[in-house]
Every structure is written in structure tokens, then in C-alpha cells.
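Written below as C-alpha cells is the structure these notes are about.
The values are calculated or read from the model by the stated rules, or taken from the named source; none is laboratory data. This is a predicted model, so every value here is computed, not measured. Note that each Cβ is placed from the backbone with ideal geometry, even for glycine, and that neighbours are counted across all protein chains shown. Accessible surface areas use protein heavy atoms only, side chains included; no ligands, DNA or RNA. Shrake-Rupley method; radii C 1.70, N 1.55, O 1.52, S 1.80 Å.
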Amino acid sequence: KNQVEQSPQSLIILEGKNCTLQCNYTVSPFSNLRWYKQDTGRGPVSLTIMTFSENTKSNGRYTATLDADTKQSSLHITASQLSDSASYICVVSPIRSNYQLIWGAGTKLIIKP
Amino acid sequence: DTGVSQDPRHKITKRGQNVTFRCDPISEHNRLYWYRQTLGQGPEFLTYFQNEAQLEKSRLLSDRFSAERPKGSFSTLEIQRTEQGDSAMYLCASSPSGSGETQYFGPGTRLLVL
């Protein structure tokens, strides 16, 4: 069964600190892996997208990494800000489908002043 | 604003009533998706349109659920005889055609069935 699992389930850090969120997946083969940010009560917004051949992708203070051998991805947030408080969801596109996405449950990140 | 819009943003209804949600995608996107999301979970795929054609329906989409996209632009999702288990956030997304295109999400419609 295709699965995307994320850890931790929730995380609280102080403003200005760095953090790393983890994503393990069993979806194989896949065409790309995305990280979405979802603010409470809002729709998800795409942060990064990586194909299976890419190792890293940055978007400002967000850096995603991908290890296709171990089927792991991480999202690193540098110098966190209060506005980073949100859920971060790892999403994998199976290669058999060019539109269906396999979603993780997300990591809820809270930044405290 | 040229993003995906959804209406209404919130809906409270009594069990057994019918509800209809609307989604207006980004105008040049010909793909449209409906998802359902419950608290603490990622979105669950419900259905997908390529222009006006509904190409895929999840097993989650029981016969009480119906979606349309009559002119290949906006879409509606109707839930008949609502049940308390239908309470969730209903998200709409759109994307261009092509493999691996990013889906752009609307703000969602939060449904509460009493």
C-alpha cells in the first residue's frame, strides 16, 4: 500500500530557531515529491517540488532534501518566524498517475515568540 | 484575485439536508480536483475533472455525493442527505494539464453537519 508518513506529528520551537521535519514514503516509483504549507483554515500552498532525480530544492528559508535510496525527505526551516506556524504536508505523486497525489498527515509546527 | 475561490467558506446544516459547494478555478487551468480534509489529516482525493469530463472518482465519493463541471470552468459539489460524518473541510484545487503540474488550492469550505 502506498504511504507517506511524517514526523514529528507536532513541534513547538522558539522564534529564530531552525527545525527539520521528516517524511518517509513507500510510494514507488514516483515522479515527484512536494512539500505544502497549510495555515489553519486555509488551503495548502506549494513550497517545493522535487523530481526523483533531485536531491535538494530551496525556497527562501525553506530547504527540502530527498534521498530516493532510503525513501526519505526532509524540510528544513531556517531562522523560523511566527508566520511559519502552520501544518507542513509531504505529498508524493505516483508515476502511474499524473494527477493523483499521496498525502501525508502533516506536521503541525508552532513558533513561539 | 486570480487564485482558486470557493463558496461558501463555511456551512452549517442539519443532518438529512442537501448542500452544494462551488469552486472557481484559476481561469487557464483545465484540471479541477475536489478533496476532503478532516482535522489532523492530509487531504483525501474525491474526484477529478479534465475540462468538463469527470475522469476519476474515489471510492470515498458515495452515491450521496455528486460533482459537476458543466462548461469546463467552475465546478459544484453536492452532498445529499448529509450525515454527521460528512463534517469536514472540502478543498478544491486546479492545475494546468501535464504530468507533475502543481495543484493550486482554494481556501476550502468548512462543513458542519449537526
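On the principal axes of its alpha-carbon atoms, the stretch A:1-109 has extents of 40, 28, 20 Å, going from largest to smallest. Amide H to amide H, with H built 1.01 Å from N, B:R31 comes under 5 Å of B:N51, B:S95, B:S97, counting only residues 5 or more places away or on other chains. Distances between placed amide hydrogens fall under 5 Å for B:T47 paired with B:W34, B:S58, all partners being 5 or more residues away or on another chain.
Take every Cα pair under 8 Å in chain A that's 6+ residues apart, average their separations, divide by the length, and report that relative contact order as a whole percent.
Values: 293 pairs, mean separation 41.9, N = 113.
Contact order relative to length: 37 percent.
Viscosity 1.567 mPa s, temperature 4 °C: give me the Stokes-Einstein translational D for the protein assembly as shown in µm²/s, with Rh taken as the Kirkwood radius over C-alpha pairs. Roughly 71 µm²/s, to the nearest whole number.
Under unit Cβ charges (Lys, Arg +1; Asp, Glu -1), what dipole magnitude, rounded to 20 debye, does the protein assembly as shown have relative to its Cα centre? Write down the numbers at each step before the final one.
Details: 25 positive and 20 negative charges, 102 e Å.
Roughly 480 debye for the protein assembly as shown.
At q = 0.31 Å⁻¹, work out log10 I(q)/I(0) for the stretch A:7-47 with the Debye formula, treating every Cα as an identical point scatterer and leaving solvent out; two decimals please. Treating every Cα as an identical point scatterer, log10 I(q)/I(0) equals -1.17. Rolling a 1.4 Å probe across the protein heavy atoms gives the protein assembly as shown an accessible surface of 49 Å² per residue.
Between B:S73 and A:K17, the simple label model (points 7 Å from Cα in the Cβ direction) yields a spacing of 5.0 nm. Annotation for the stretch B:41-76 versus the stretch B:14-32: alpha-carbon center distance of 9 Å.
Using a Förster distance of 30 angstrom, determine the FRET efficiency expected from the C-beta separation of A:R96 and B:S5, and round it to 0.05. Let's see the in-between values first.
Values: r = 31 Å, r/R0 = 1.04.
According to the calculation, E is roughly 0.45.
Net charge near B:S66: determine it from the other residues with C-beta under 10 Å of the C-beta of B:S66, scoring Lys and Arg +1 and Asp and Glu -1. Here the charged neighbours net out to -1. For the stretch A:77-90, backbone phi angles converted through the Karplus equation (6.51, -1.76, 1.60; θ = phi - 60°) give residue-by-residue couplings of 10, 9, 6, 4, 10, 4, 6, 6, 4, 4, 9, 10, 10, 8 Hz, Gly and Pro being listed as x. Among B:Q84, B:Q103, B:Q41, the residue with the largest mean-square fluctuation in a Gaussian network model of chain B, with springs joining Cα atoms closer than 10 Å, is B:Q41. For chain B, the average shadow cast by the Cα convex hull is 6.9 nm², which is a quarter of the hull's surface. With 21 Å as the limit on Cα-Cα distance, the pairs of B:K14/B:K57; A:K37/A:K112; A:K37/A:K57; A:K57/A:K112 that go past it are B:K14/B:K57; A:K57/A:K112.
Using a 1.4 Å probe and counting only protein heavy atoms, how much accessible surface gets buried when B and A come together, both sides summed, in Å² to the nearest 100? Kindly include the intermediate steps, with their values, before the conclusion.
Working: alone 6530 and 6310 Å², together 11220 Å².
The buried area between B and A, both sides summed, comes to about 1600 Å².
Of all the options A:S28, A:S58, A:S83, the one that moves most in a Gaussian network model of chain A with Cα springs shorter than 10 angstrom is A:S83.
If the reach is capped at under 17 angstrom between alpha carbons, list the aspartates and glutamates near A:K108, excluding any in the same chain fewer than eight residues apart. Filter leaves A:E5, A:E15, A:D39, A:D84.
Only protein heavy atoms count here; under a 1.4 Å probe, A:H76 has an accessible surface of about 60 Å².
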